[in-house]
1. Using the heavy atoms of the protein chains and a 1.4 angstrom probe, tell me the accessible area per residue for region 68-128 in square angstrom.
2. Once the convex hull of the alpha carbons of region 159-217 is built, what does its volume come to per residue, in cubic angstrom?
3. Accessible area per residue for region 167-227 in Å², computed with a 1.4 Å probe and the full protein assembly in place, what is it?
4. So, with a 1.4 angstrom probe, what is the percent of accessible area on region 45-84 that is carbon and sulfur?
5. Please give every one of the lysines within straight-line cross-link reach of residue 166, meaning a C-alpha to C-alpha distance under 28 Å, and leave out same-chain neighbours fewer than 8 residues apart.
6. What number do you get for region 57-126 when its Cα radius of gyration is normalised by 2.2 N^0.38 Å, N = residues?
Amino acid sequence: MPSRTPRSPANSPASDGASAPLCAIPETSPDALDPGPVLRSSSLLLALRFGARIAAFGFLALLPVVLTGLGAPNSFWTVLPAAPGVIGIVFTLYTFSTYPFRLRRCRKVLAEYPLEPAAYARHSKSANSIHGTLSTLHVKRRKGAERREMVASEVQDRGSWPEGAKEGVWIAGDLPFGGVATIPTRNALLLMRPADWDATAAERRQADGARLARAERAGLERKRGLL
């Protein structure tokens with residue numbers, strides 16, 4: 001966790017309608033937010049979730065061997081637990097296959113761009129896919145900037161929009177290309193890109209050489225898979 005917890009200021013903007021903005025401008029300087037703890041926490045949580053699932057399903061897959069070794073008859077009911085165990089292992093390997101690559105891409109983005117407090121971030125909807133939950137959100141990098149619609153996926157994929165956004169969302173990247181969002185109070189790390197990739201193509205084409213080179217080093221110069 002960062003050494004200082006971002007807090008919402010008392011004069012945060014009011015909601016326009018029934019749903020309130022999920023964050024305001026954190027008071028803490030962006031330079032004070034080290035991405036290292038969030039990256040380490042995401043890596044650890046991902047490893048623990050993967051290990052727990054493999055251990056649980058592996059136990060089921062090996063249970064018939066254990067039971068027969070203890071003298072149980074080699075019957076249908078003895079072998080039955082192996083089926084969900086094997087299926088669970090295969091499903092876990094498939095669903096987790098993209099997560100390490102997303103985490104690696106987040107590391108590349110954070111190596112090129114500093115984390116800055118988002119002036120505005122509102123989560124609008126989420127949709128489930130075989131590779132995790134994709135969330136649509138609207139963000140502004142700073143006051144007066146254009147509001148961007150982005151689609152984001154949490155690296156550790158806890159199945160819903162992370163709680164704690166009211167206390168501050170921080171972003172890194174170049175929004176027409178994409179970037180990273182983090183909610184430090186939840187150690188949540190999200191990879192994001194423009195919701196309509198083709199609609200921002202003109203902005204990317206107009207980027208100067210230095211800006212484009214930076215996006216390329218961060219792995220943001222083109223759309224890759226789901227994100």
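The values are calculated or read from the model by the stated rules, or taken from the named source; none is laboratory data. Since we're looking at a predicted model, the values are computed, not measured. Only protein heavy atoms, including side chains, enter the accessible area calculation; ligands, DNA and RNA are left aside. Shrake-Rupley method; radii C 1.70, N 1.55, O 1.52, S 1.80 Å.
1. 58 Å²
2. 103 Å³
3. Ligands and nucleic acids excluded, the figure is 41 Å² per residue.
4. The C+S portion of the solvent-accessible surface of region 45-84 is 81 percent.
5. Counting by Cα, and skipping residues close in sequence, residue 166 has these lysines nearby: 108, 125, 140, 143.
6. 2.00
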